[in-house]
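A short worksheet on the structure shown next.
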Amino acid sequence: MNNDRSKFLTMMLIIGFTFLYVPLFLLIIYSFNYSKLVPVWGGWSFRWYEVLFKSPDVWQAVFLSLRIALVNATFATILGTLAGLAMVRFGRFKGRTIFGGMLVAPLVMPEVITGLSLLVLFISLKQMIGWPSERGFTTITIAHITFSLAYVAVIIQARLTGMGIDLEEAAADLGAKPFKVMTTITLPRLAPGMLAGWLLAFTLSLDDLVIASFVTGPGANTLPILIFSRIRLGLRPDINALATLIIIFVAILVAIAAYIMFRQQKRDLMDQAMANRAD
């Protein structure tokens, strides 16, 4: 019975990974296609990589998206970590239920509603105080931070709940101040969760089309907006080449994050073992 269950789970795992990764492998292969028509194979060639590196509009969109993603991921991680700490470590406080509901609201709110509400906000602010003078990098970044920090907060809450408070209580018993406990024990142990949240916020920002299309302005096209606009005229294979480079870049980031998280997990196990021996 267990053997049949193991075979079934293995088969489902293979089907799942095939469904997820075969399209990516096909995209990488077709990025080396010589033909101008995406579905028609014309032989191996680096033609579209050469075209890609000579496309200033594409790279302008790429660099804008990367700048937005980096700023968004950093601020979303900071704010999401603070929000997660408040929800898990600060106990019951006045307004906690409302704060928790507002924190997770972006997770369930349709992106169209979020984008429209932010557009109305920016228009109203411009009429009242003259800011923002134009919609672009700043407005897109603020919009992305608004929904990204909710994802980071969820990850941080899960990490804090799984960590427990044994080491923090032990440090406090030994005379460590709350700030010292936070900086030397809590935050280092939170590092894998913070890194995972940063990567998720970075990816969400690069992937966003709907919200960015509401809060952007002329001349501030992110990469998803550029790709979507090109679909109407027919997608060229140079986008496959760009997607391949992005896949390689993200794979490197994930590998680095996995290595850091693995080392932190080993350190946590060693610290836990030492704490158990001390008890």
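Please state which one of 97, 114, 141 is among the β-branched types (Val, Ile, Thr), modelled with pLDDT under 90 and over 25 Å from residue 188 (Cα atoms). Before the answer, list the steps.
Numbers: 114 fails: modelled with pLDDT under 90; 141 fails: modelled with pLDDT under 90.
So the residue among 97, 114, 141 that is among the β-branched types (Val, Ile, Thr), modelled with pLDDT under 90 and over 25 Å from residue 188 (Cα atoms) is 97.
As a summary of the residue check, residue 57 satisfies the conditions (1) within 30 Å of residue 190 (Cβ to Cβ); (2) part of a helix (DSSP H, G or I) except for the one numbered (1).
Being under 21 Å from the mean Cα position of the chain (by Cα), over 19 Å from residue 65 (Cβ atoms) and in a helix (DSSP H, G or I) is the filter here, so list the residues in segment 107-148 that pass it.
Pass one, segment 107-148, residues under 21 Å from the mean Cα position of the chain (by Cα): 107-115, 118, 136-148.
Now narrow it down to the ones that are over 19 Å from residue 65 (Cβ atoms): 107-110, 112-113.
Of everything in segment 107-148, those that are under 21 Å from the mean Cα position of the chain (by Cα), over 19 Å from residue 65 (Cβ atoms) and in a helix (DSSP H, G or I) turn out to be 107, 108, 112, 113.
Which residue, of 191, 257, 196, is under 20 Å from residue 144 (Cα atoms) and within 25 Å of the chain's Cα centre (by Cα)?
Values: 191 fails: under 20 Å from residue 144 (Cα atoms); 257 fails: under 20 Å from residue 144 (Cα atoms).
Criteria check complete, one pass: 196.
Within segment 1-38, the set of residues being within 12 Å of residue 236 (Cβ to Cβ) and not in a helix (DSSP H, G or I) comprises 31, 33, 35, 36, 37, 38.
Of all residues being among the acidic types (Asp, Glu) and surrounded by fewer than 19 Cβ atoms within 10 Å (Cβ to Cβ) in segment 172-212, which is nearest to residue 263 (Cα to Cα)? Just the residue, please.
173
Screening residue 41 on (1) in a helix (DSSP H, G or I); (2) at pLDDT below 90 shows it passes everything except condition (1). Look at (1) touching a residue at least 12 places away in the same chain (Cβ under 8 Å); (2) over 25 Å from residue 200 (Cβ atoms); (3) loosely packed, with under 15 Cβ neighbours inside 10 Å and you find that residue 5 fails only one, number (1).
Contact annotation: residue pairs with Cβ atoms under 6 Å, 6 or more positions apart or on different chains, pairing a residue in segment 60-77 that is within 17 Å of residue 152 (Cα to Cα) and in contact (Cβ under 8 Å) with a residue 12 or more places away in the chain with a partner that is part of a helix (DSSP H, G or I) and among the hydroxyl-bearing types (Ser, Thr, Tyr), are 68/141; 68/205; 69/205; 71/141; 72/141; 72/148; 72/205; 76/148.
The values are calculated or read from the model by the stated rules, or taken from the named source; none is laboratory data. Everything numeric in this text was worked out from a predicted model, so none of it was measured. Here Cβ is always computed from backbone atoms with ideal geometry, including for glycine, and neighbour counts include all displayed protein chains.
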